[in-house]
Ligand code: NAD
């Protein structure tokens, strides 16, 4: 579909190469974009490093002003950005808009909270160092490379971009080859706000351009995408000991307890499984329902699913599969489940078209089928009954992924949520954590590591700087060759007094 790069990575890539972004609903060309070469990427990073001198030296308040102005620009032009996203991803315009709404809130939070979280703070220096004042502050790393996916082309990269910028870094962003226009829109509007300074730049292209960014003179690389590519990113970044954040895929479950509000649980499972045509990293792919309420839950979700249809017309609630190759993955998972004995409750193999996949619900799906073990990234749900919540937790955790998930329970929500091995869980709702800017976002296991959003997300793009300042002469001079036996003895007395007793935290 796109232009390919001829030369190998050992040779310079031609800057004249281009690729097309396509409308996934019909294959029409949306726009043509440059394939930026390794030289182009290096040049962008060099410009970013120079701009970092200016941006990094601004006060938190000054940077916040720019970021909040950008936030206002995005808000005022939200329909325009949503249209670019709609054309490139195929998602309904209103879904594209909702995604931008969430991103706007994150940009504002990062701008407003960076000073409090990253600015200089005094910490206790302890009795041994009572003559010292102690401080910690979080300094920008310099230039941050961001590589993004196409499924949430605004919300997902902005979780890295806005937090990295608020922390005082400059950013070079390589958007997905499926959504380059969205990436360009974001970088161009930011550029307008900072008078054209290269604080946040975009480079476009395919995997090779992403690889060039990994190998460039950057100080950290924030990657969001598949685990398969994440491994390549880490390997490339290892060349220069460049630290990485990996936000990869998931196989999240939604657990329904016997006392859950079934109507709400079904509504949530349906939306979290089918919205964005199931192409959501923190979407629901598996549902474990207490056997006592399995039948009424199924009746409820199938009733509600009657209104959900994939298409490109205004009545369709979900759009096409953005990446054509994903259709084959979805088909193989559904066929594997059916071949192993799953029951088709809705849709099924016949619901999988060339560009659109109609909502598919399978039940009694064998736990060893790929529909349960691998990320499907399509509008499918595997719904299985369980005898107890312990079994639901055990099955939920029996995956290499660990991104997010949800629990529907009136009494035991918190107890169940805390036992799920994942970075994020919402109780009696879905993906609520993504809309709370103060909460960290990220996974464990094959879902990656590192955090965006919240205080953790700001600190992710900094290094901690510790400073002590001597306030007065020490009572015991320990750090000099003049230290004598008397001082050693005093030090021993003090440490015995402080730590030699049997006191514990409970005393
Ligand atoms: P992908 O891994 O195919 O591509 C992601 C990005 O990596 C693209 O920009 C691509 O051009 C680039 N890339 C490809 N090869 C590269 C290489 N060798 N070196 C450097 N960069 C390279 O993923 P995708 O299909 O765009 O996105 C879907 C995946 O992203 C799903 O697995 C989804 O779960 C995951 N995702 C995760 C999160 C999260 O926050 N955890 C959020 C959104 C999406």
Check: Going by the structure shown, is residue 429 touching a strand residue (DSSP E or B) at 6+ places or on another chain (Cβ under 9 Å), more than 20 Å from residue 278 (Cα to Cα) and away from the ligand (no atom under 15 Å from the Cβ)?
Finding: no
Check: Does residue 86 satisfy the criteria of being over 20 Å from the mean Cα position of the chain (by Cα) and in a helix (DSSP H, G or I)?
Finding: yes
Margin query: Being surrounded by fewer than 21 Cβ atoms within 10 Å (Cβ to Cβ) and assigned to a helix (DSSP H, G or I): is that true of residue 112 here?
Written below: yes
Item checked: Filter result for the condition that a residue is assigned by TED's automatic domain parsing to the domain that holds residue 288, farther than 20 Å from residue 225 by Cβ, buried (at least 16 other Cβ atoms within 10 Å of the Cβ) and touching a residue at least 12 places away in the same chain (Cβ under 8 Å), over 404, 392, 398 -> 392
Next item on the list: Could you figure out which of (1) at pLDDT below 95; (2) in a helix (DSSP H, G or I) isn't true of residue 322?
Entry: (2)
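Yes or no, residue by residue, for (1) outside the structural domain of residue 162 (by TED's automatic domain parsing); (2) out of contact with any helix residue (DSSP H, G or I) (no Cβ under 8 Å at 6 or more places or on another chain); (3) part of a helix (DSSP H, G or I); (4) over 19 Å from residue 221 (Cβ atoms):
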site	(1), (2), (3), (4)
26	no, yes, no, yes
44	no, yes, yes, no
48	no, yes, yes, no
62	no, yes, yes, yes
69	no, no, yes, yes
Next item on the list: Taking only the range 219-235 into account, find how many residues are in contact with a helix residue (DSSP H, G or I) (Cβ under 6 Å, 6 or more places away or on another chain) and surrounded by 21 or more Cβ atoms within 10 Å (Cβ to Cβ).
Entry: 5
Margin query: I'd like the full set of residues that are farther than 11 Å from residue 147 by Cβ and within 14 Å of the ligand (Cβ to nearest atom), limited to the range 163-175.
Written below: 163
Notebook entry, point to check: Counting only residues that are within 21 Å of residue 49 (Cα to Cα), more than 13 Å from the ligand (Cβ to nearest atom) and in a loop (DSSP other than H, G, I, E, B), how many does the range 127-162 have?
Noted result: 2
Next item on the list: State whether one or more residues within the range 349-362 are in a strand (DSSP E or B), over 27 Å from the mean Cα position of the chain (by Cα) and surrounded by 19 or more Cβ atoms within 10 Å (Cβ to Cβ).
Entry: yes
Next item on the list: For residue 277, indicate whether it is part of a loop (DSSP other than H, G, I, E, B) and touching a residue at least 60 places away in the same chain (Cβ under 8 Å).
Entry: no
Note to self: Restricting to the range 18-74, count the residues that are within 20 Å of residue 107 (Cα to Cα) and modelled with pLDDT under 95.
What the structure shows: 0
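For (1) assigned by TED's automatic domain parsing to the domain that holds residue 404; (2) at pLDDT 95 or above; (3) within 7 Å of the ligand (Cβ to nearest atom); (4) assigned to a strand (DSSP E or B), each residue gets a yes or a no:
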| residue | (1), (2), (3), (4) |
| --- | --- |
| 177 | no, yes, yes, no |
| 187 | no, yes, no, no |
| 197 | no, yes, no, no |
| 218 | no, yes, no, no |
| 245 | no, yes, no, yes |
| 259 | yes, yes, no, no |
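The values are calculated or read from the model by the stated rules, or taken from the named source; none is laboratory data. It should be emphasised that the depicted structure is a prediction, and the values quoted were computed from it without experimental measurement. Cβ coordinates were reconstructed from backbone atoms using ideal geometry, including for glycine residues, and neighbour counts include every protein chain displayed.
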